[in-house]
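What follows is a single structure, written as structure tokens, with notes after it.
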Amino acid sequence: MDVARYLVYPERWEEIPPDWEALFVRAAPLAVEIGFGNGEFLAGASQEQSDWNWVGFETSLTCVTKAGRKLARAGAEHVRLALADGRFALREIFSDESVRRVFVHFPCPWPKRSHAERRVMDEAFAQTLAAVLIPGGVFELTTDVLVYAADAATDLRAAGFDLSGPVELTTVGPGSRYEAKWRREGRRIWRLQAERGPKGSTLRVAEGTMPHVRISRLVTPDALSALVGLKETWPGGAFVVKDAYAASHGGAALLRAFATDDGFDQQYLIAVVRDGEGAMVKLDGAAVPFRTPAVKRSVAAVAAALEG
């Protein structure tokens, strides 16, 4: 229950970007932390800056649970947590010029060139920041890897940001468990702050209502089995159906699918449900993905294959 009061599910929203002021039931500056870990910074910052609305993103359910407990113990009110890729969420669920500050603390540097696409900070992320931050809005990066901060500075400078740092934090940082660990190990901590200059632009891809298609024929077990391996690839996206599961009564089936849109990966289920003399093909509510082009195309392709 401690966690539930803070959780939001942006992948289920019918309209994005949402009205954040309505969601928080108040108008206030909006701050975002990407990768909040166990929530130490959010718990403290939301108390120190209680007149702001705070949103945090993590991809670990364990971290979300621990952060929710910390927020509850701190008595935090105006905080929302989401289990989502923060890079994607910042781009998709915030309007242009709507965020006052964005924080990233101790991201994994992914030093290998083959892992570069996993880094939070790159040219595309700098453009997202330039779009969603208000004029004069600030991005703050804290890291124990100086070369990571230097690379981030290059990307931010190219996007028109005014930079401060990276500078070494010799005493006080964000207060996270990683900071405590790195200081015990004698590592140096660096902070980079970047104030938005010219407004940037970013291409958003998640929008619209939940996709569904009605087909006019009944679905046979053989037709479902034939869907395994169905795939499509195009510049910037792809999908593939990995498995098919049919109910014993024959009136419903689930397809496990994988989709990617410009590096944003999702796994989800497509439901095929009997509807009169035909069937409805739609996203299953148990694992709702963001409605990206690849997800929509997978639903349409499944329906077309079954109809054909």
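Values quoted throughout were computed directly from the atomic coordinates according to the rules given, and no laboratory measurement underlies them. Quantities reported herein were computed from a predicted structural model and do not represent experimental measurements. All Cβ positions, glycine included, derive from the backbone under ideal geometry; neighbour counts span all protein chains shown.
Applying 1/(1 + (r/R0)^6) with r as the Cβ-Cβ distance of residue 60 and residue 216 and R0 = 45 angstrom yields a FRET efficiency of 0.55.
When the Cα convex hull of the chain is projected onto planes of every orientation, the mean area is 17.9 nm². Computed over the chain, relative contact order equals 15 percent, with contacts defined as Cα pairs under 8 Å that lie 6+ residues apart.
Measure up 242/296; 242/282; 66/282; 66/181 against 22 Å on the Cα-Cα distance and list the ones that go over. Don't skip to the end; give the middle numbers.
Details: 242/296 16 Å; 242/282 16 Å; 66/282 34 Å; 66/181 18 Å.
Beyond 22 Å between Cα atoms: 66/282.
Principal axis extents of the Cα atoms in region 121-277, from largest to smallest and rounded to whole angstrom, are 69, 39, 23. Local charge sum around residue 305 (other residues, Cβ-Cβ under 14 Å, Lys/Arg +1, Asp/Glu -1)? Net charge around residue 305: 0.
Principal axis extents of the Cα atoms in region 125-213, from largest to smallest and rounded to whole angstrom, are 57, 34, 20.
Distance between the pseudo-spin-label points of residue 72 and residue 243 (7 Å out from Cα toward the beta carbon): 3.2 nm. From the P(r) of region 212-307, could you give the percentage of C-alpha pairs in the tail past 17 Å? For region 212-307, the fraction of Cα-Cα distances above 17 Å is 43 percent.
Beta bridges per DSSP, both residues in the chain: antiparallel share near 70 percent. Relative to the longest principal axis of the chain, what angle (0 to 90°, nearest 10) does the C-alpha long axis of helix 61-74 take? Here the helix axis deviates by roughly 50 degrees. Measuring between their Cα centroids, region 213-247 and region 31-51 lie 42 Å from each other.
Helix-only estimate, please: 222 nm mean residue ellipticity of the chain, summing -39500 (n - 2.57) across DSSP H runs of length 4 or more and dividing by its residues, to the nearest 500. Please list the in-between numbers first.
Working: 9 runs with 86 residues, N = 308.
Only helices count here, giving -8000 deg cm²/dmol.
Pairwise Cα separations in region 59-206 fall into 10 Å bins from 0 onward with the following percentages, short to long: 11, 36, 39, 13, 0. As a rough footprinting exposure proxy, the listed residues 248, 201 were ranked by other beta carbons within 10 Å of their own, and the order from fewest upward is 248, 201.
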